[in-house]
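Colleague: The structure under discussion is supplied below as structure tokens; questions concerning it will follow.
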């Protein structure tokens, strides 16, 4: 080999590790922060990945995703958000209730953030307005609080004799808990319903809450739209079945495991919208220029088997409007 060819080859070999490192760091990384655990959210992530793919991004091929799960330990969220900021991810996706995006908002003013919340993000202080977020955050809102009145009406239609309703809230998620109490109380008055509040923030506290329910024998149970209650849906549904308590939930996942009925936004659809928004930002769009999306797909799911077990007759008016009737 001639001397100059040898030097050229040596130069290429020396440069190769740096080129390889550049290729590795070229792949954008998305940070996903959730207040729950992977097992509670796994089914919804398919919708998120579908939204990313529609924008040309496939996990493991041309995009990486760093996951951070708080396992319902809300106080861990600020530290987990800080980890993602320190890794300088391209976008942070904050889900699992209001605490996640609020933690991320406190951690960074520069990294783009896409959130999913069930309260007004303007009132939460996440964005300046729905149409013009004017900051580094945008996302999807499904206003589950505004669906409270409808959920109560549907429950009353299915259980017409109900007068005393117990509302289950999670005090760890203060924003959701306070909003639930306010909205349920306002919606119950014109229906002539009496409301009792029960709190539970852990599995053992859920057991205690249902022991109280067994003693007080309310006519029905209204489970707050809290991510933790969705995560503990099997435990809650089994308790309700054991106590023969008609219960209404905010997510179809609860009805699918035996809950009497659910009414709320389609979370797989909302996660799909998250993926679409994340993909747009990875392509160069600014959060401040992307209006907050409002979920438009809502689902009424009735578990007919559970209704029969409880001795309830589902009226034709409900059967005709249900998105799914589980037989």
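The values are calculated or read from the model by the stated rules, or taken from the named source; none is laboratory data. Keep in mind the model is a prediction, meaning the values are calculated, not measured. Positions of Cβ are generated from backbone atoms using ideal geometry, with glycine treated the same way; all protein chains shown enter the neighbour counts.
Colleague: Could you identify the single residue in 265, 240 that is buried (at least 18 other Cβ atoms within 10 Å of the Cβ) and at pLDDT 95 or above?
Modeller: Numbers: 265 fails: at pLDDT 95 or above.
240 is the lone residue from the list that is buried (at least 18 other Cβ atoms within 10 Å of the Cβ) and at pLDDT 95 or above.
Colleague: For residues that are in contact with a strand residue (DSSP E or B) (Cβ under 9 Å, 6 or more places away or on another chain) and surrounded by fewer than 16 Cβ atoms within 10 Å (Cβ to Cβ), tally how many sit in the range 144-166.
Modeller: 3
Colleague: Starting from the range 171-195, keep only residues that are in a loop (DSSP other than H, G, I, E, B), then list their pairs with residues that are surrounded by fewer than 17 Cβ atoms within 10 Å (Cβ to Cβ) whose Cβ atoms are within a distance under 7 Å, requiring at least 6 positions of separation or different chains.
Modeller: Filtered contacts from the range 171-195: 171/199; 193/163.
Colleague: Yes or no: residue 104 at pLDDT 95 or above, within 22 Å of residue 116 (Cα to Cα) and in contact with a strand residue (DSSP E or B) (Cβ under 6 Å, 6 or more places away or on another chain)?
Modeller: Details: at pLDDT 95 or above: yes; within 22 Å of residue 116 (Cα to Cα): yes; in contact with a strand residue (DSSP E or B) (Cβ under 6 Å, 6 or more places away or on another chain): yes.
Yes; evaluated as a whole, the condition is true for this residue.
Colleague: State all residues of the range 189-224 that are at pLDDT 95 or above, under 16 Å from residue 153 (Cα atoms) and surrounded by fewer than 20 Cβ atoms within 10 Å (Cβ to Cβ); if no residue qualifies, say none.
Modeller: 194, 195, 219
Colleague: So, one more: Only one residue in 124, 130, 116, 77 is in contact (Cβ under 8 Å) with a residue 40 or more places away in the chain, closer than 25 Å to residue 180 by Cα and out of contact with any helix residue (DSSP H, G or I) (no Cβ under 9 Å at 6 or more places or on another chain). Which one?
Modeller: Working: 124 fails: out of contact with any helix residue (DSSP H, G or I) (no Cβ under 9 Å at 6 or more places or on another chain); 116 fails: out of contact with any helix residue (DSSP H, G or I) (no Cβ under 9 Å at 6 or more places or on another chain); 77 fails: out of contact with any helix residue (DSSP H, G or I) (no Cβ under 9 Å at 6 or more places or on another chain).
When all the criteria are applied, what remains is 130.
Colleague: Could you say which residue among 245, 290 is in contact (Cβ under 8 Å) with a residue 12 or more places away in the chain and under 19 Å from residue 169 (Cβ atoms)? Spell out the reasoning first.
Modeller: Details: 290 fails: under 19 Å from residue 169 (Cβ atoms).
On inspection, the qualifying residue turns out to be 245.
Colleague: A follow-up question, please. Mind counting the residues in the range 25-36 that are in contact with a helix residue (DSSP H, G or I) (Cβ under 7 Å, 6 or more places away or on another chain) and under 18 Å from residue 69 (Cα atoms)?
Modeller: 6
Colleague: Restricting to the range 277-306, count the residues that are out of contact with any helix residue (DSSP H, G or I) (no Cβ under 6 Å at 6 or more places or on another chain), within 27 Å of residue 152 (Cβ to Cβ) and buried (at least 23 other Cβ atoms within 10 Å of the Cβ).
Modeller: Here the count works out to 2.
Colleague: Now for a different question. For residue 92, are the conditions met, namely being closer than 22 Å to residue 228 by Cβ and either crowded, with 16+ Cβ neighbours inside 10 Å or in contact (Cβ under 8 Å) with a residue 12 or more places away in the chain (or both)? Explain how you work it out, then say what you get.
Modeller: Values: closer than 22 Å to residue 228 by Cβ: yes; either crowded, with 16+ Cβ neighbours inside 10 Å or in contact (Cβ under 8 Å) with a residue 12 or more places away in the chain (or both): yes.
Answer is yes for this residue.
Colleague: Please go through the range 172-187 and give me each residue that is under 21 Å from residue 96 (Cα atoms) and crowded, with 19+ Cβ neighbours inside 10 Å, ordered by number.
Modeller: Answer for the range 172-187, where residues must be under 21 Å from residue 96 (Cα atoms) and crowded, with 19+ Cβ neighbours inside 10 Å: 172, 173, 176, 177, 179, 180, 183.
Colleague: Identify, from the list 168, 152, the residue that is over 15 Å from the mean Cα position of the chain (by Cα), more than 30 Å from residue 282 (Cα to Cα), part of a helix (DSSP H, G or I) and in contact (Cβ under 8 Å) with a residue 60 or more places away in the chain.
Modeller: One residue alone meets the criteria, 152.
Colleague: Take residue 102 and decide whether it is touching a residue at least 60 places away in the same chain (Cβ under 8 Å), closer than 26 Å to residue 170 by Cβ and in contact with a helix residue (DSSP H, G or I) (Cβ under 9 Å, 6 or more places away or on another chain).
Modeller: Judged against the criteria, residue 102 is not a match.
Colleague: Taking the options 260, 274, name whichever one is at pLDDT 95 or above and either over 18 Å from the mean Cα position of the chain (by Cα) or surrounded by fewer than 23 Cβ atoms within 10 Å (Cβ to Cβ) (or both).
Modeller: On the way: 274 fails: either over 18 Å from the mean Cα position of the chain (by Cα) or surrounded by fewer than 23 Cβ atoms within 10 Å (Cβ to Cβ) (or both).
None of the other options fit; the residue is 260.
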